[in-house]
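Below: the structure, in structure tokens.
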Amino acid sequence: MTPSLLRRGGRALVDDAVDRVRGDVSAFALLHVLPSLPFLLGALMWFTSIDLRGAMPEERAAWLPLLLLPKVAGWGALSAWSAAAARGRPCGVGAAWLVAAKRLPETAFAGALYLLATIAGLFTFVGFAGIPVALTALAASVSEARVGALTALRRAGGAATDDLGRSFAIMAVCALAWLFVALNLLVLPMLLLAFGAGGFGIDLSMPAAAFGIDRAATWALAGCCAWTLLDGVLVVAFAELQRDREAEGEGTRFEGFAEELESRAAAGARVTTERVA
């Protein structure tokens, strides 16, 4: 079996994912950014409360994880949209949400696995190995095959073993991009203040007091905004990876079928030659 000549590397998959997002920013906003806003705003309110009170706001800790539910549903819709576009059958925003709604148990399972892998990766680097499995399983569950959650998870296991290099490259590129975006968002307000943005007639006394390097809300704003952008690119990139994996599987099956036909033809010709002899 010969490897596919169309096999893309991890960096190329991320580039294609960015191009796909840039090609339809409105769809990306409706499928991913809009469902992410409740958690983003809730996290900012939570960290702002820490800045103002100097203590953990215990009464808000219970409902904050619930705001992730629209975000998880958005991951499923975004994966359905990008998976369909990668297969040359683009679907609209409404169709993508419909697919995510029909496959809600599978998308919720894969989304929860992605969240758990991300949280585990903050404590141990090995935890990040679950991210490619979760996101490729998400893409498989909303694809045309519409497999179940466990079947999609079993098929996606190769993303962390056979395709470890490409999966690691995707995550590494997105992590560097997240760091770049977060640092820019962290430094931008202070640069505006340092270069006299107040001279345009804008009163920046309140932002200057609220956003500082020692403020939890500043770090939350930078980190959450960067994560909101880059985790969407990550979902699209792994949908592209899953498409490559399916294409390679289809090509491998076709090559095996062709070899079987050739062997049968050769066996038939050999039998014919022996009979003539």
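The values are calculated or read from the model by the stated rules, or taken from the named source; none is laboratory data. As the structure is a computational prediction, the values presented were derived from the model and not from experiment. Cβ placement follows ideal geometry from the backbone for every residue including glycine, while neighbour counts extend to all protein chains displayed.
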Q: Go through the residues of segment 159-170 one by one and say whether even a single one is aliphatic (A, V, I, L, M) and either closer than 21 Å to L37 by Cβ or at pLDDT below 70 (or both).
A: yes
Q: Please state which one of A96, A80, A117, A85 is small (G, A, S) and without any contact (Cβ under 8 Å) to a residue 40 or more places away in the chain.
A: A117
(Q) For segment 87-140, give me each residue that is part of a loop (DSSP other than H, G, I, E, B) and touching a Gly at 6+ places or on another chain (Cβ under 7 Å). (A) R103
Q) Do we have I131 as at negative phi, within 13 Å of the chain's Cα centre (by Cα) and at pLDDT 80 or above here? A) yes
Q) Residue check: is L115 modelled with pLDDT under 85 and touching a Leu at 6+ places or on another chain (Cβ under 9 Å)? A) no
